[in-house]
Amino acid sequence: MTRKIAVVTGGNKGIGFAIVRGLCEKFDGDVYLTSRDVGRGESAVELLKCAGHSLLYHQLDITDQKSVDSFKNHLISKYGGIDLLVNNAAIAFKNDSTEPFGLQARETINDAKVEQFKNKNLSIEKLSELMRKFVKDSEEGNNVKEGWGESAYSVSKVGVSALSFVQQRLLNAENPNRNISVNAVHPGYVKTDMTSHKGVFTIEEGARAPLFLSLKSTYKGQFVWKDKKAIEWDGQLPEPY
């Protein structure tokens with residue numbers, strides 16, 4: 001690869017937008033803002049360019065395999081690969097949403113892909129199996145009975161965190177000399193559309209830990225709190241969101 005490349009999914013607003021802006025300021029290479037909606041993505045890019053930043057745009061819907069393949073092929077043909085990925089894109093239903101919980105579970109998990117399990121030897125296949133069971137239980141109205149709770153979004157975040165640990169373990173086993181890091185980060189309760197702007201942190205504050213992981217961190221396979229410290233992801237949280 002001739003130049004380093006950084007990609008942020010769901011970068012047109014919220015924490016993703018702040019991460020893109022931070023990378024434009026400090027990342028030594030090309031920065032891609034991606035979004036599902038082309039119009040919103042291009043508008044965000046123009047806003048950053050007007051502020052003096054240099055960046056690129058590409059449409060990317062992580063729930064659409066054709067969209068994923070299109071972007072992947074673009075990156076391979078132009079750069080040969082990728083250096084940094086911030087998997088920020090997400091979906092959440094509001095607390096007063098009228099959609100059935102099963103639909104909420106399916107839509108949220110389509111974005112996160114897999115679910116959690118504490119087994120240190122957990123495989124991607126087993127993780128996917130657990131996620132499918134969560135969706136099935138939710139669609140049948142058995143989510144609480146089966147111990148999943150009432151928040152599809154929370155389950156999906158636990159799942160995607162677990163996936164990051166599985167991926168790190170597999171990468172280490174495959175070739176530890178490649179020095180690839182996969183981490184999960186909790187940015188805090190941020191004022192965004194997803195939280196109906198009820199959070200306590202600005203998007204700039206929410207971007208601090210993700211930018212730390214992207215630019216300075218040596219963490220590998222860790223769950224990182226908003227204060228940039230690695231913690232036990234399934235243990236006692238250090239403080240409220």
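The values are calculated or read from the model by the stated rules, or taken from the named source; none is laboratory data. What you see is a predicted model, and the numbers here were worked out from it, not measured in a lab. Neighbour counts are summed over all protein chains in view; Cβ atoms, including those assigned to glycine, are modelled from backbone coordinates with ideal geometry.
When residues of the stretch 160-203 are filtered for being among the basic types (K, R), part of a helix (DSSP H, G or I) and touching a Lys or Arg at 6+ places or on another chain (Cβ under 9 Å), how many remain? Before the answer, list the steps.
So in the stretch 160-203, the residues among the basic types (K, R) come out as 169, 178, 191, 198.
Narrowing the set further to residues that are part of a helix (DSSP H, G or I) leaves 169, 178.
Within this subset, residues satisfying the condition of being touching a Lys or Arg at 6+ places or on another chain (Cβ under 9 Å) are 169.
Of the residues in the stretch 160-203, 1 are among the basic types (K, R), part of a helix (DSSP H, G or I) and touching a Lys or Arg at 6+ places or on another chain (Cβ under 9 Å).
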- Failed item in (1) farther than 28 Å from I5 by Cβ; (2) modelled with pLDDT of 55 or more; (3) under 16 Å from the mean Cα position of the chain (by Cα), with I109 passing the rest: (2)
- Query: Is there a residue in the stretch 224-233 that is part of a loop (DSSP other than H, G, I, E, B), modelled with pLDDT under 90, crowded, with 16+ Cβ neighbours inside 10 Å and out of contact with any Phe, Trp or Tyr (no Cβ under 8 Å at 6 or more places or on another chain)?
  - Reply: no
- Message: Can you say whether R3 is basic (K, R) and closer than 26 Å to T195 by Cβ, as far as the supplied structure shows?
- Response: no
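Touching a strand residue (DSSP E or B) at 6+ places or on another chain (Cβ under 9 Å), closer than 23 Å to G16 by Cβ, at pLDDT below 90 and not assigned by TED's automatic domain parsing to the domain that holds R21: is that true of A162 in this structure? Walk me through how you get there before you give the answer.
On the way: touching a strand residue (DSSP E or B) at 6+ places or on another chain (Cβ under 9 Å): yes; closer than 23 Å to G16 by Cβ: yes; at pLDDT below 90: yes; not assigned by TED's automatic domain parsing to the domain that holds R21: yes.
Criteria met by A162.
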- Somewhere in the stretch 29-36, is a residue surrounded by fewer than 16 Cβ atoms within 10 Å (Cβ to Cβ) and either among the small types (G, A, S) or modelled with pLDDT of 95 or more (or both)? yes
